[in-house]
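Written below as structure tokens is the structure these notes are about.
The values are calculated or read from the model by the stated rules, or taken from the named source; none is laboratory data. For clarity, every value in this text was computed on a predicted model and none was experimentally measured. Cβ atoms come from the backbone with ideal geometry, glycine included; neighbour counts cover every protein chain shown. Calculation scope for accessible area: heavy atoms of the full protein, side chains included, ligands and nucleic acids excluded. Shrake-Rupley method; radii C 1.70, N 1.55, O 1.52, S 1.80 Å.
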Amino acid sequence: MSSINLMRKEAIEKRKSFLKTHVDCKSTNCLQLSYRGDAALEQGYLSTRFGQIHYTAAGNGSIVLLIHQSGRSSRMFLELIGVLSDRFRAVAIDLPGFGNSAPAEAGITIEDLADLCAEVIVALGADAAHVYGHHSGNKIAAALAGRHPDRVKRLVLAGQSHSIIPDQVARNKAIDKFVRPYRQSAEMCDARALKAEKWARTYRTIASAWWQPEILSDATPHAEALAHALVLDTLQAADGSAKLYAANLNYDLASGYRAIPVETLVLEIVTPEEDALIGRQGGAVCALIRNSELAEIEHEDGDGITLEGSARELAEILIPFLSDNRPSQIKGAVQY
């Protein structure tokens, strides 16, 4: 299987290397990336029945729709957009309740968000798009392919092992540590206490962004820009995360897998901790999806791994799978 070792020291060096040719951050409060050639970032809004949806895009050609994880926004894909823009039109959206998009409605579901993504593809002027979903985004991407197969060319479902567990009960148990704070807040009856707890949680998350070892060890503007992105995403996701986690918990992912009719790459991010606690899940996932392949990315322990700073390594897996002249099997992947 395709294995990429993304240990902290190597990731920092790769970020520095990427910085030399790809990052132009002239101020400390911006995340302005400058990519090869004429590929400049385009930002805009799309009108949908879920409100205004903000997107960031670059490049030309077939669309690759990038769907972020809970708590983040299109900012987590800025480097990946730049790398993919050489061959595709890479478009990252902010889901409702995240980034610069409209707030999420109460009771929003994974199916709702899948329908939203189908609207987005049409609003972008395309009949269909390749789709990459990361962590919570992989549920949305799976539901999109099942509900709107005519809108999806090829599908990539990415996430740590806990994120792709097919069984709903087992997956909900595995993600409980992420969801528990939001569930406990929802059970609070005192409105003032609830507001105080929400802001305390937001403050803790923001503070932790600045104390991550990778950021502290890297004195480049890129590391500071990453911290800024995490802070902005946390502030803007204060209400959206609870709603997306609720939708995640209620979604039957195994049924979603079975309904996928398009070519699919399952990209499992494996860590030593999850290997020990829950084991690798990619094989079980691919057994449920017709015409699927499995690739793995090895990573050190961590929660909510986004692969930011490793866009080139990620693209080495994505581009062959998404290309029109793709090989019959992705190098290093296992076909099911």
Worksheet entry | Tabulated pairs, the range 242-257, first hydroxyl-bearing (Ser, Thr, Tyr), second open to solvent by less than 40 Å² (accessible area, probe 1.4 Å), C-beta under 7 angstrom, 6+ apart or interchain | TYR245/SER70; TYR245/VAL179; TYR251/ILE110; TYR251/LYS139; TYR257/ALA142; TYR257/PRO166; TYR257/VAL285; TYR257/ILE289
Fill in: Residue within the range 234-247 that is open to solvent by less than 10 Å² (accessible area, probe 1.4 Å), among the hydrophobic types (A, V, I, L, M, F, W, C) and not in a helix (DSSP H, G or I) present
yes
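Of the residues LEU113, LEU95, LEU157, only one is hydrophobic (A, V, I, L, M, F, W, C) and assigned to a helix (DSSP H, G or I); which?
Numbers: LEU95 fails: assigned to a helix (DSSP H, G or I); LEU157 fails: assigned to a helix (DSSP H, G or I).
Of LEU113, LEU95, LEU157, the one residue that is hydrophobic (A, V, I, L, M, F, W, C) and assigned to a helix (DSSP H, G or I) is LEU113.
Counting just the residues of the range 266-322 that are assigned to a loop (DSSP other than H, G, I, E, B), polar (S, T, N, Q) and touching a Ser or Thr at 6+ places or on another chain (Cβ under 9 Å), which one comes out farthest from ALA142 (Cα to Cα)?
In the first step, residues of the range 266-322 are kept if they are assigned to a loop (DSSP other than H, G, I, E, B); the result is 271, 278-281, 287-291, 299-310.
With the extra rule that they be polar (S, T, N, Q), the set shrinks to 271, 281, 291, 306, 310.
Filter once more, so that each one left must be touching a Ser or Thr at 6+ places or on another chain (Cβ under 9 Å): 271, 281, 291.
On the way: THR271: 23, GLN281: 16, ASN291: 14 Å.
Within the range 266-322, the match that is farthest from ALA142 (Cα to Cα) is THR271.
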Discussion item. If VAL122 satisfies all but one of (1) in a loop (DSSP other than H, G, I, E, B); (2) over 15 Å from LEU157 (Cα atoms), what's the number of the condition it fails?
Written reply: (1)
